[in-house]
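Undergrad: Just dropping this structure here.
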Amino acid sequence: MKVNNLNVALLEKDKQQFVLLSTGLTTLIILARILLFFFAKERRTVNLITSHSIKLESQKNLISKNNVDLLITI
C-alpha cells in the first residue's frame with residue numbers, strides 16, 4: 001500500500017514537472033516568435049527607408065545637375 005502511494009506521488013510529481021517544463025517551453029517559443037516578428041518588421045522598415053533615401057538622393061542630384069545646367073545656359 002505504501003509503495004503504491006509512493007508510486008502515485010512520484011507519477012504526480014513527474015506530471016507536474018512535465019506540465020511546468022511544457023509551459024515554460026511554450027512561453028519561450030511564443031516570446032521568440034514575437035521578437036522575431038518585431039525584428040522582421042523593423043528590418044523591413046529600415047530597408048524601405050533606405051530605399052526611399054536612395055531614391056530621394058538620386059532625385060536631389062538630378063535636380064542639382066539640372067539647376068547647374070540651367071544656370072550655365074542663362
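Undergrad: What is the local net charge at F37, summed over the other residues whose Cβ is closer than 15 Å to its Cβ (Lys, Arg +1; Asp, Glu -1)?
TA: Net of charged neighbours comes to +3.
Undergrad: Also, quick follow-up: Subtracting the Cα-Cα distance from 0.36 nm times the residue separation, let me have the gained length for E42 to I30 in nm, one decimal.
TA: Extra length from E42 to I30 when fully extended: 2.5 nm.
Undergrad: Oh, and also: For the pair S51 and I72, what calculated FRET efficiency results from E = 1/(1 + (r/R0)^6), where r is the Cβ-Cβ distance and R0 = 35 Å, to the nearest 0.05?
TA: After rounding to 0.05, the efficiency reads 0.60.
Undergrad: Ok, one more. Which of the aspartates and glutamates could a cross-linker bridge to K41, judged by Cα under 17 Å and excluding same-chain residues fewer than eight apart?
TA: Partners within reach: none.
Undergrad: Who wins for biggest fluctuation among I54, I34, I63 in a Gaussian network model of the chain, springs between alpha carbons below 10 Å?
TA: Fluctuation is largest for I63.
Undergrad: At 1.4 Å probe size, with no ligands or nucleic acids counted, give the accessible surface of S53 in Å², nearest ten.
TA: 60 Å²
Undergrad: Additional query: In degrees from 0 to 90, rounded to the nearest 10, what is the angle of the helix 2-73 Cα long axis to the longest principal axis of the chain?
TA: Once rounded, one gets 0 degrees.
The values are calculated or read from the model by the stated rules, or taken from the named source; none is laboratory data. These numbers come from a predicted model, not from an experiment. Cβ coordinates were reconstructed from backbone atoms using ideal geometry, including for glycine residues, and neighbour counts include every protein chain displayed. Surface areas here come from the heavy atoms of the whole protein model, side chains and all, with no ligands, DNA or RNA. Shrake-Rupley method; radii C 1.70, N 1.55, O 1.52, S 1.80 Å.
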